[in-house]
Amino acid sequence: MHIDPASLRGRHVYQLLISMIQPRPIAWVGSRSAAGVDNLAPFSYFMGVSSSPPALAISVARKGRDALKDTARNILDTGVFTVSIPSEDHVAAVAGSATSYPAGRSEFAALGLEAREGQVVAAPYPAVARATAECELWHANDLGTVHLLVGRIVAFHIDDALVERGSEGQPRIDGAALAPLARLGGATYGTVGRRFPHPTPAVPDDEA
């Protein structure tokens, strides 16, 4: 089947994309309004973009043609935010934080989640999170229907129980222990599932 995206309505393209691009990692984003109201929301249009400097990106859609979601407005106003990676047992809280609460109502308070303060940036993150990055806004790209926000990571918070060491003693995260939650199509969530190693093959001698 050949599909011209221009022939589909915007929400239908969205439904096609989220059913095609899966699994998607979830950025559980903590931010704070200029008035001091804490916000927590999940985004699965999310990726790492650089390791030097360490950086990640989230895509935040508008609520309407001209209305920014609280997350985008907060980050643009304050220049800082946090990104946590939720684990499988956080699914109810993650789904709950996607609810559109009235302006001025914190998802942390609404869901009974303890908020921790960033050590470098003035933004909250959920205490239950086991892997969190504190970010400073690096680039903001207004793409019309969405804002693509790139954050430079200025601090990590990792649960000691997740930390394993590489061959040079460098810290890494035990992915199986983290049990990261993923977003699939529609309102479906999943986990990583079966894991298996497969090395990158060397270039054949006759093509080197």
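The values are calculated or read from the model by the stated rules, or taken from the named source; none is laboratory data. These numbers come from a predicted model, not from an experiment. Positions of Cβ are backbone-derived with ideal geometry, glycine not excepted, and every protein chain shown enters the neighbour counts. Ligands, DNA and RNA are excluded from the accessible area calculation, which covers all protein heavy atoms including side chains. Shrake-Rupley method; radii C 1.70, N 1.55, O 1.52, S 1.80 Å.
Taking the range 141-153 as the range and being surrounded by 14 or more Cβ atoms within 10 Å (Cβ to Cβ) and farther than 12 Å from V83 by Cβ as the test, the residues that pass are V146, H147, L148.
Restricted to the range 35-50, and to residues there that are in a strand (DSSP E or B) and aromatic (F, W, Y), the residue that is least open to solvent (accessible area, probe 1.4 Å) is F43. Among the residues of the range 99-120, the ones that are at pLDDT 95 or above, open to solvent by 60 Å² or more (accessible area, probe 1.4 Å) and aliphatic (A, V, I, L, M) come to 2 in all. Within the range 167-186, if we keep just the residues that are in a helix (DSSP H, G or I) and among the aliphatic types (A, V, I, L, M), the residue that is surrounded by the fewest Cβ atoms within 10 Å (Cβ to Cβ) turns out to be A176. Evaluated against (1) modelled with pLDDT under 95; (2) among the aliphatic types (A, V, I, L, M); (3) in a helix (DSSP H, G or I), L76 falls short on exactly one condition, (1).
Restricting A161, A123 to residues that are at pLDDT 95 or above and surrounded by 14 or more Cβ atoms within 10 Å (Cβ to Cβ) narrows the list to A123. Out of R11, R32, R24, one residue alone is open to solvent by less than 40 Å² (accessible area, probe 1.4 Å) and either modelled with pLDDT of 95 or more or under 30 Å from A110 (Cβ atoms) (or both). It is R24.
When you check F156 against the structure, is it open to solvent by 70 Å² or more (accessible area, probe 1.4 Å), in a strand (DSSP E or B) and either over 30 Å from R11 (Cα atoms) or in contact (Cβ under 8 Å) with a residue 12 or more places away in the chain (or both), yes or no? Judged against the criteria, F156 is a match.
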